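Pasting a structure here, questions to come.
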Amino acid sequence: MNEPMTTDISVSLAAQALASQPHRIVERGGVSFALLGTAHVSKTSVDAVRAAIASGEFDAVAIELDAGRLQSISDPDALARLDLIKVLREGKTHLFAANLALSAYQRRLAEQLDVEPGAELKAGAEEARRRELPLHLIDREVGLTFKRALHRLSWWGRTKISAGIMAAMLGDEEVGDEEIEKLKQGDLLEASFGEFATDNPALYDTVIAERDRYMATRLRQVAEQAPAGRDGEPYRVLAVVGAGHLQGLAEHLREDTAPPASVLAELEHLPKKSDIPWFTIALAVFLLCGFVWGFWQGGIDVGSDLIVQWVLATGLLGALGCAIAGGHPLSILAAFVSSPLTPLHPALASGTVSALVEATLRKPTYADFMALRDDVQSFRGWWKNRVARILLNFFLTSLGTAIGVWTGGLRMLGKLFG
């Protein structure tokens, strides 16, 4: 294997195209990688990508996207084919909401700046296909990045992220100048996480640093599989990435020596949750002990009162959340019935139960999915659109149940020790 090295790019059509953007040239394994650092909200970056590929000097193109994100920007109808009930049953509601928040954030940027965020990545894919060049998607799947980020956060950190997602979906204010400058110099996912990525080193490492290493590893795989270059020249790959990744990506591409397969396995690994649901067990033991103590010390009146207070605290607040979300009467009933029980079962969630009932009774139409990105830009649109209303149902029912658990628990403590 040739030693990785950095070289100066010669004066050529490709060099002229790259000159307007920050870039690095890294040679490794007989392959020359032109790393083009772009701004995700810049028409200049779009022009630079198109011109570089049009120069005809590259044998392949790599872009900072995964298959899911490429489909979402290339196929606007992909969302309309989503099976929302399957999303709810598989417990992917938070991931769906995060993707929707990212889409809403991108839509606000597009309207404000008159350029689609990530347009240069889309242009890279389109030009590669049009010229029949190999296209490599080198970024880690966004859902995997999101899950790894959540795993490294505390309970409070996950709560802040969830609140941020809801704010991003419900908000319609303009994106601030500081955020736009970050986008010009950095990364779309980092900007979407906002202050969380800046203030939390673990989150920054997952969203930015890990992806630098991941994309460099994917490029190393490209080098391993690359054919010989033309006319004795190195095989040349244009890699289009956000400018914020440029330095870290170049360093990893030059210096990393670990086998690519093992690096990717490490960066795609999701730590398994504990098989023992300690919180659920502790809550169940606390409640059962409280009910038994109530019947033992105060007889049937005290014991029954404790049970009724628990059912009313969790059931009514869960049902209230569902009602605020505009849930169907049967969805509200499902929320009331499930809320006292789901905190005691690790595989169930009252929000999921009520949202499933809502999705079954008021199944979203094709038009709901097609209008989703526009409807979530307004407050009223959330209650108008069936898909958005199901998401509200999930979040508000879950929130009501969580508040009910704390309220019911505190009432029980007061009853037992008051």
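Could you tell me which numbered condition Leu330 fails, if it satisfies all but one of (1) touching a residue at least 40 places away in the same chain (Cβ under 8 Å); (2) farther than 30 Å from Arg220 by Cα; (3) out of contact with any Gly (no Cβ under 6 Å at 6 or more places or on another chain)?
Leu330 satisfies every listed condition except (1).
In the list Ala197, Ala239, Ala209, Ala243, which residue meets the criterion of being hydrophobic (A, V, I, L, M, F, W, C) and at pLDDT 90 or above?
It is Ala239.
While we're on this one: Are any residues in the stretch 333-350 open to solvent by 70 Å² or more (accessible area, probe 1.4 Å), under 24 Å from Lys363 (Cα atoms) and touching a residue at least 40 places away in the same chain (Cβ under 8 Å), and if so, which ones?
none
Still on this model: Filter the stretch 11-32 down to the residues that are under 15 Å from Ser55 (Cα atoms) and either touching a His at 6+ places or on another chain (Cβ under 7 Å) or hydrophobic (A, V, I, L, M, F, W, C) (or both) and list them by number.
Val11, Leu13, Ala14, Ala15, Ala17, Leu18, Ala19
For Ala110, state whether it is surrounded by fewer than 20 Cβ atoms within 10 Å (Cβ to Cβ), in a helix (DSSP H, G or I), modelled with pLDDT under 70 and touching a Ser or Thr at 6+ places or on another chain (Cβ under 7 Å).
No: the conditions fail for Ala110.
Working only within the stretch 142-157, note down all residues that are part of a helix (DSSP H, G or I) and either at pLDDT 75 or above or under 8 Å from the mean Cα position of the chain (by Cα) (or both).
Passing the criteria: Val142, Gly143, Leu144, Thr145, Phe146, Lys147, Arg148, Ala149, Leu150, His151.
Take the residues of the stretch 299-332 that are among the hydroxyl-bearing types (Ser, Thr, Tyr) and buried (at least 23 other Cβ atoms within 10 Å of the Cβ): which is nearest to Trp382 (Cα to Cα)?
Ser331
Another question, if that's okay. Is there a residue in the stretch 266-289 that is buried (at least 17 other Cβ atoms within 10 Å of the Cβ), closer than 30 Å to Ser42 by Cβ and touching a strand residue (DSSP E or B) at 6+ places or on another chain (Cβ under 6 Å)?
No - not one qualifying residue is present in the stretch 266-289.
Can you tell me which residue within the stretch 355-380, out of those that are small (Gly, Ala, Ser) and within 22 Å of the chain's Cα centre (by Cα), is nearest to Ile324 (Cα to Cα)?
This residue is Ala355.
Return yes when Thr352 is within 23 Å of the chain's Cα centre (by Cα), within 26 Å of Ile281 (Cα to Cα) and β-branched (Val, Ile, Thr) and no when it is not.
So Thr352 passes the test.
Scan the stretch 234-252 and give yes if some residue there is open to solvent by 80 Å² or more (accessible area, probe 1.4 Å) and over 26 Å from Ala39 (Cα atoms), otherwise no.
There is no residue in the stretch 234-252 that is open to solvent by 80 Å² or more (accessible area, probe 1.4 Å) and over 26 Å from Ala39 (Cα atoms).
Taking helices (runs of 4 or more DSSP H) that fall entirely within the stretch 326-405, which contain at least 3 residues that are closer than 16 Å to Ile85 by Cα?
Passing ranges, in order: 350-361, 366-375.
Looking only at the stretch 54-102, how many residues end up being open to solvent by 60 Å² or more (accessible area, probe 1.4 Å), modelled with pLDDT of 75 or more and part of a helix (DSSP H, G or I)?
Of the residues in that region, 4 qualify.
Separate question: Inspect the stretch 363-371 for any residue being out of contact with any strand residue (DSSP E or B) (no Cβ under 8 Å at 6 or more places or on another chain), under 30 Å from Val285 (Cα atoms) and not hydrophobic (A, V, I, L, M, F, W, C) and give the result as yes or no.
For the stretch 363-371, residues out of contact with any strand residue (DSSP E or B) (no Cβ under 8 Å at 6 or more places or on another chain), under 30 Å from Val285 (Cα atoms) and not hydrophobic (A, V, I, L, M, F, W, C): absent.
The values are calculated or read from the model by the stated rules, or taken from the named source; none is laboratory data. These numbers come from a predicted model, not from an experiment. Heads up, the Cβs are rebuilt from the backbone with ideal geometry, glycines too, and the neighbour counts pull from every protein chain shown. All accessible areas refer to the heavy atoms of the entire protein, side chains included, with ligands and DNA or RNA removed. Shrake-Rupley method; radii C 1.70, N 1.55, O 1.52, S 1.80 Å.
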